[in-house]
Amino acid sequence: MHSPALPHVPRLHAYTPGLQPSGPGWTKLNTNECPYPPSPAVAAAIRREVGEDGASLRLYPNPRSSPLRAAVAALHGLREENVCIGNGSDDILNLLVRCYCGGAAPAGFMLPSYSLYPVLVGIQDGRSTVIEFGRDLRLPLPAIAGSGAAIFFLTSPNAPTGVTFGNAEIEQLLQSFTGLLVVDEAYAPFAREHAVPLLARHPRLVVVRTLSKAYALAGIRVGYALADPAVIDLLDRVRDSYNVSRLSQAAALAALGDPDYYRAVIARVCATRDRAIADCTARGWFTYPSGSNFIFTEPSDARGGSGPAVAKSAYDFLCARKVLVRHFPSHALTAPFLRISVGTDDEMLVLQNTLEAWLKHA
Ligand SMILES: Cc1ncc(COP(=O)(O)O)c(C=O)c1O
């Protein structure tokens, strides 16, 4: 049958999100959500926004999310002109691809990194330039500089490895790479260093953040770009005019208004993460240092064997006992590893006990 769609569209592969299981009893450590609820101010702000009868919902939201732009700008010591708010940071990444990527303007990214980038490039019918990490996860600066990419997505801390790239390296990259460098900092609140201070002297740098992880608001869909006003102006030309709902804007503003609550949440997640890394390392499992709210560890079985089949065995054993983590079998570097989101201390105990049971069984 003749398809009226553009020829590239029926060939697209949609992004594969992590499983969202229904039903009780799951220990869900697979999508890097926050294990703790958002600030109590968030639910109060949503209730206030809805009001008694929901009448405010008749009205469109603030089209530019202006109060939220101002709050984000204040948080980072920037100006409102440096901020664009998105319906999740995925929305921002999509806008960046729409503005900067095409057939003659490739988008570059590292492999492994966030697997949404190639999906967005495919939708745009654009071209990708992919650069592979080695096991040491060093950033190959000359390869990126010579990639010819018009826009390059660098995930830092990286997903799914958790490794953070320092500002000295990012700045070196900005000196040699001539395109737009997007540092996707979804996990930066859990890291020691972040690239925001570099914005003041690098107009070709974009930093992308989300409220889905550290702010425990994955369900509300708010993310943002920090960049030179000329870049923000382009994103504003392309985005949906009402891309962030009234409830999302109210929730995000309330979250940003409660920094003490979130400092405590982040400290707790980082402490649990560091204990989980220590537990895996004590077992003799190679585990990358993490600046994120997940760990990336290479399980070895009771005989000391590791590799893709061992990781799959651990994954299947956990899954059968309703402990959900992530295994990425399609890349040689990731296949021997499991990515485990940091849960509550109780959830991590379930994880560790189930892994001990696997070791006895394997
Ligand atoms: C590296 C990275 N960037 C962006 C996102 C998307 O976040 P959001 O929920 O804001 O769309 C994720 C989500 O997992 C991610 O891992």
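A crude spin-label estimate for the pair residue 11 and residue 44, with each label 7 Å from Cα along the Cβ direction, gives 5.5 nm. Charge tally for residue 351 (other residues, Cβ to Cβ under 13 Å; Lys, Arg +1; Asp, Glu -1): +3. Counting charges near residue 294 (Lys, Arg +1; Asp, Glu -1) among other residues having Cβ under 11 Å from its Cβ returns a value of +3. Looking at segment 219-272, the chymotrypsin sites (Phe, Trp or Tyr not before Pro) that sit in a DSSP loop and have at most 15 other Cβ atoms within 10 Å of their own Cβ are 242. Within a straight-line Cα-Cα reach of under 28 Å, residue 213 can be paired with the following lysines, leaving aside sequence neighbours fewer than 8 residues apart in one chain: 28, 312, 322. Counting charges near residue 242 (Lys, Arg +1; Asp, Glu -1) among other residues having Cβ under 14 Å from its Cβ returns a value of +2.
Taking the Cα centre of the chain as origin and assigning +1 to Lys and Arg Cβ atoms and -1 to Asp and Glu Cβ atoms, the resulting dipole is close to 340 debye. Using just its DSSP H runs of length 4 or more, each adding -39500 (n - 2.57), the chain gives a mean residue ellipticity at 222 nm of -11500 deg cm²/dmol after division by all residues.
On full extension, the segment bounded by residue 193 and residue 125 gains 21.0 nm, given 0.36 nm per residue less the C-alpha separation. The charge dipole of segment 263-338, taken about its Cα centre with unit charges on the Cβ of Lys, Arg, Asp and Glu (plus for the first two, minus for the last two), comes to roughly 280 debye. Full extension of the chain segment joining residue 275 with residue 56 gains 74.3 nm, where the gain is 0.36 nm per residue of separation less the Cα-Cα distance.
The numbers here are math on the coordinates, done by the rules we state, and not lab data. Treat the numbers as computed from the prediction; the structure is a model and nothing was measured. Neighbour counts are summed over all protein chains in view; Cβ atoms, including those assigned to glycine, are modelled from backbone coordinates with ideal geometry.
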